[in-house]
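Scroll down for the structure; my scribbles are underneath it.
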Amino acid sequence: QVQLVESGGGLVQAGGSLRLSCAASGRTTSTYAMGWFRQHPGQEREFVATITWNIGSTDYADSVKGRFTISRDKNTVYLQMNSLKPEDTAVYYCAAAWRVTKFNVWGQGTQVTVSL
């Protein structure tokens, strides 16, 4: 199994930046991809960005393209968030596609709040 621990959330003004981190431990060699998702209050969880473990291919939701960047350094995955908007306010979750090509391992979530 793989375990995920997120950090880096907080409160920031609109236009500011935050960097989220997700430290993966355990049997990470069986990981196919890592991703970030977010959940707005009262809404379902939505895809934000993903990166494949071995090749590093990335993909983004249209709403964050050009503002957010996902990257990986060894067993830590980052989400650099720039030009933040109030609508980016959500709980952000790190996820791993472990042994399968769908996301099946989740972190505990970290709150990001963007104020006007």
Query raised in the report: In this structure, is Gly35 of a type outside the set (D, E, K, R) and either surrounded by 14 or more Cβ atoms within 10 Å (Cβ to Cβ) or closer than 11 Å to Thr76 by Cβ (or both)?
Result: yes
Report task. For region 38-48, indicate whether the set of residues that are part of a loop (DSSP other than H, G, I, E, B) and within 15 Å of Ala97 (Cα to Cα) is non-empty. Result -> no
Query raised in the report: Yes or no: Thr89 open to solvent by less than 60 Å² (accessible area, probe 1.4 Å), of a type outside the set (Gly, Ala, Ser) and under 18 Å from Gln111 (Cβ atoms)?
Result: yes
Query raised in the report: If we keep just the residues of region 1-30 that are farther than 14 Å from Ile70 by Cβ and among the hydroxyl-bearing types (Ser, Thr, Tyr), which is surrounded by the most Cβ atoms within 10 Å (Cβ to Cβ)?
Result: Thr28
Requested in this report: Taking only region 59-115 into account, find how many residues are assigned to a loop (DSSP other than H, G, I, E, B) and in contact with a helix residue (DSSP H, G or I) (Cβ under 6 Å, 6 or more places away or on another chain).
Outcome: 2
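Using the structure shown, decide if Phe103 is within 29 Å of Leu116 (Cβ to Cβ), of a type outside the set (Ser, Thr, Tyr) and out of contact with any Cys (no Cβ under 7 Å at 6 or more places or on another chain). Before the answer, list the steps.
Values: within 29 Å of Leu116 (Cβ to Cβ): no; of a type outside the set (Ser, Thr, Tyr): yes; out of contact with any Cys (no Cβ under 7 Å at 6 or more places or on another chain): yes.
So Phe103 fails the test.
The values are calculated or read from the model by the stated rules, or taken from the named source; none is laboratory data. Nothing here was measured: the structure is a model prediction, and the numbers come from that model. Every residue, glycine as well, gets a Cβ built from its backbone with ideal geometry; the counts of neighbours run over all protein chains shown. The area values use the complete protein model at the heavy-atom level, side chains included, leaving out ligands, DNA and RNA. Shrake-Rupley method; radii C 1.70, N 1.55, O 1.52, S 1.80 Å.
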